[in-house]
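Inspection log for the structure reproduced underneath, given as structure tokens.
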Amino acid sequence: MAKLKLQNLRKQFAPQVVPVKDISLEIEDGEFLTLLGPSGCGKSTLLRLIAGLEEPTAGTVAVGERNLNKVAPGNRNMAMVFQSYALYPHMTVAENIGTALKIRKTPSAEIQSRVAEVAQKLGLGSLLDRKPRELSGGQRQRVALARALVRNPDVFLLDEPLSNLDALLREQVRAELKQLFDSQNKPVVYVTHDQTEAMTLSSKVAVLKDGLVQQLDPPRRIYTHPANEFVAGFVGSPQ
Ligand code: ADP
Ligand code: MG
């Protein structure tokens, strides 16, 4: 039984603007699905449809048996991480990480212990009292990841979380990401235009072009058996 199920999703903004045309995907617990494709192919729009930040023109988003089309983003129990980190500048690292728990009225002792636990995992243990402006880009992105993890969501949605980092840091955080999400056993939908990220992180890759899935396969197979010329051209040849 698929945990996250997208059926015939479509999003039309205007007569000629249809970034998501007809996409169906199923993602199990513990699966790491990457949406890979060039800029403008509809990756972020698809993620926003899953999160409920956009309303589909057609189709459904479900988790388990539960159709979420009418469920507000805040009630979907999904955690989204953005390229831009989106941290609260006036809050400390600890407050940024714990903010969703506070909104849910979790007792403050429990917030403290869960924030400390997740911060430890991400190497943020000594930075809990800092403000975002006192952190490096890599540390900020770790705070954004910690904020997603601490909520223990049903689904993780990550939109190009590494693309603001320099190359060296990107490689380091990428390795951490893999470990982190391998141990979560939840569906992860990861958006990138970077084929190295897609190939190293994913259990499955969906290659997107013009709002349609061109190929859905394990990363190795995308390389060895590209479904069409577009996929072959986009991922290049086997290394
Ligand atoms: P990607 O994340 O793959 O780069 P996006 O999903 O952000 O692509 O965008 C796909 C297309 O949809 C782009 O042409 C973009 O301009 C358009 N688009 C996205 N959001 C909106 C919106 N709110 N209104 C109109 N057009 C939009
Ligand atoms: Mg995008």
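Only the coordinates and a few stated rules stand behind these numbers; no lab work does. Since this is a predicted model, take the numbers as computed values, not measurements. Note: ideal-geometry Cβ built from the backbone for every residue, glycine included; neighbour counts use all protein chains shown.
Might you let me know whether the range 200-211 holds any residue that is within 16 Å of ligand 2 (Cβ to nearest atom), assigned to a helix (DSSP H, G or I), in contact (Cβ under 8 Å) with a residue 24 or more places away in the chain and not hydroxyl-bearing (Ser, Thr, Tyr)? Within the range 200-211 (the criterion being within 16 Å of ligand 2 (Cβ to nearest atom), assigned to a helix (DSSP H, G or I), in contact (Cβ under 8 Å) with a residue 24 or more places away in the chain and not hydroxyl-bearing (Ser, Thr, Tyr)), the answer is no, since none of the residues qualifies. Selection of first residues in the range 27-49 that are over 18 Å from residue 63 (Cβ atoms) and of second residues that are near ligand 1 (Cβ under 8 Å from one of its atoms) and of a type in the set (Asp, Glu), restricted to Cβ pairs under 7 Å at least 6 apart or on distinct chains, gives the following pairs, ordered by first then second residue: 44/159; 45/54. Reported count of residues in the range 34-80, each being within 21 Å of residue 186 (Cα to Cα) and away from ligand 1 (no atom under 16 Å from the Cβ), is 17.
This table checks each residue for (1) more than 15 Å from ligand 2 (Cβ to nearest atom); (2) of a type in the set (Gly, Ala, Ser); (3) assigned to a strand (DSSP E or B).
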| site | (1), (2), (3) |
| --- | --- |
| 8 | yes, no, yes |
| 24 | yes, yes, yes |
| 39 | no, yes, no |
| 48 | no, no, no |
| 54 | no, no, no |
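Looking across the range 56-81, the residues that are among the polar types (S, T, N, Q) and either touching a residue at least 24 places away in the same chain (Cβ under 8 Å) or part of a loop (DSSP other than H, G, I, E, B) (or both) come down to 57, 60, 69, 77. The sole residue among 149, 157 that is in contact with a helix residue (DSSP H, G or I) (Cβ under 8 Å, 6 or more places away or on another chain), within 16 Å of ligand 2 (Cβ to nearest atom) and hydrophobic (A, V, I, L, M, F, W, C) is 157. Answer yes or no as to whether residue 100 is in contact with a helix residue (DSSP H, G or I) (Cβ under 9 Å, 6 or more places away or on another chain), closer than 29 Å to residue 28 by Cβ and not in a loop (DSSP other than H, G, I, E, B). The answer is yes for residue 100. Looking across the range 1-29, the residues that are aliphatic (A, V, I, L, M), surrounded by 17 or more Cβ atoms within 10 Å (Cβ to Cβ) and either more than 10 Å from ligand 1 (Cβ to nearest atom) or more than 17 Å from residue 211 (Cα to Cα) (or both) come down to 4, 6, 9, 23, 25, 27.
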